[in-house]
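Down below is the structure, laid out as structure tokens.
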Amino acid sequence: MTMGIIDKLAKSMATRATVIDKTKAAEHTYRLTIRLQGSQSFAYRPQDFLRILVLDDPKVPLRDRVRSYSIWNFDARTQSLDLAVCTFSNGPGAHWIQNVRVGDDVYFMKHASNLVIHQDDADAVMIGDISALGHLYGLRRFFRYPERVSGLIFGRDQADFFPDLDGESPFQFIAGGPHQDQTVISAVEAALPRHAGKTAIDVAGDGEMCKLLYKYLKSLGWSSKQVKVKPFWIQGKKGLE
């Protein structure tokens, strides 16, 4: 099967949307707004993310032309989605978001992460880096008691952080260089409640950070039911969420 046929098949199975707005949310993040096209229904859950075709070149293998982005917000009335797209990697996804224009078509498939929304009265702690910030904002918005959701977001410097769509910044931002394991551990240790109780912890973003914190939290006695991790990227690997 030729790459051209594979492309046509992939697009026929994908959902089509059109770019209606693109703005800079932070130094290395764009806010992209797309509107769904056609009559396909879109069942939104805040755990969802999109696998987007970012490079329309049949000579490149399809897996190298698809990148995954989490949904920041979905407006059912206008059938539009907001995505937070980072440019740290300087890869195909970064080049795509820098060049995409209002009016361009976007093709995507929807998938779900394993991060969860807790509808009971439990507290929650969200931990991640800039690549996961839009996703964690979206998750927090759907908690029954969002004021009981705290968060720690790690970034290189203050210019990388951005507020939620309502202008609020409900999470604590911690700036510092990459691979500062002790900084991450110390900040998380200070933010955790003394007793786990029913508190849930969601960790997302840098795969190495996810692995580090999962191991650390397990060593403190937190159960696997309470701690959910979702690596968005791992240094040197392609195509993670």
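The values are calculated or read from the model by the stated rules, or taken from the named source; none is laboratory data. Treat the numbers as computed from the prediction; the structure is a model and nothing was measured. Cβ placement follows ideal geometry from the backbone for every residue including glycine, while neighbour counts extend to all protein chains displayed.
Brief remarks on what is shown
- Number of positions in segment 13-59 that are in contact with a Cys (Cβ under 7 Å, 6 or more places away or on another chain) and closer than 13 Å to Ser70 by Cβ: 1
- Filtering segment 21-47 to residues that are aliphatic (A, V, I, L, M) and not in a strand (DSSP E or B) leaves only Ala43.
- Some residue of segment 18-26 being under 20 Å from the mean Cα position of the chain (by Cα) and basic (Lys, Arg): yes
Quick grid of which residues meet (1) of a type in the set (A, V, I, L, M); (2) in contact with a Phe, Trp or Tyr (Cβ under 9 Å, 6 or more places away or on another chain); (3) closer than 24 Å to Val85 by Cβ:
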{"site": "Phe173", "(1), (2), (3)": "no, yes, yes"}
{"site": "Pro193", "(1), (2), (3)": "no, no, no"}
{"site": "Leu217", "(1), (2), (3)": "yes, no, no"}
{"site": "Gln226", "(1), (2), (3)": "no, no, no"}
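- Scan of segment 50-72 for residues that are surrounded by fewer than 22 Cβ atoms within 10 Å (Cβ to Cβ) and under 9 Å from the mean Cα position of the chain (by Cα), ordered by number: Ser68, Ile71
- Residues satisfying the stated conditions in segment 37-84, i.e. without any contact (Cβ under 8 Å) to a residue 12 or more places away in the chain and hydroxyl-bearing (Ser, Thr, Tyr): Ser39, Ser41
- Candidates Val116, Val125, Val100, filtered to the one that is modelled with pLDDT of 95 or more and either surrounded by 15 or more Cβ atoms within 10 Å (Cβ to Cβ) or not assigned by the TED database to the domain that holds Trp222 (or both): Val100
- Lys238, sole failed condition from (1) surrounded by 12 or more Cβ atoms within 10 Å (Cβ to Cβ); (2) in a loop (DSSP other than H, G, I, E, B); (3) modelled with pLDDT of 90 or more; (4) among the charged types (D, E, K, R): (3)
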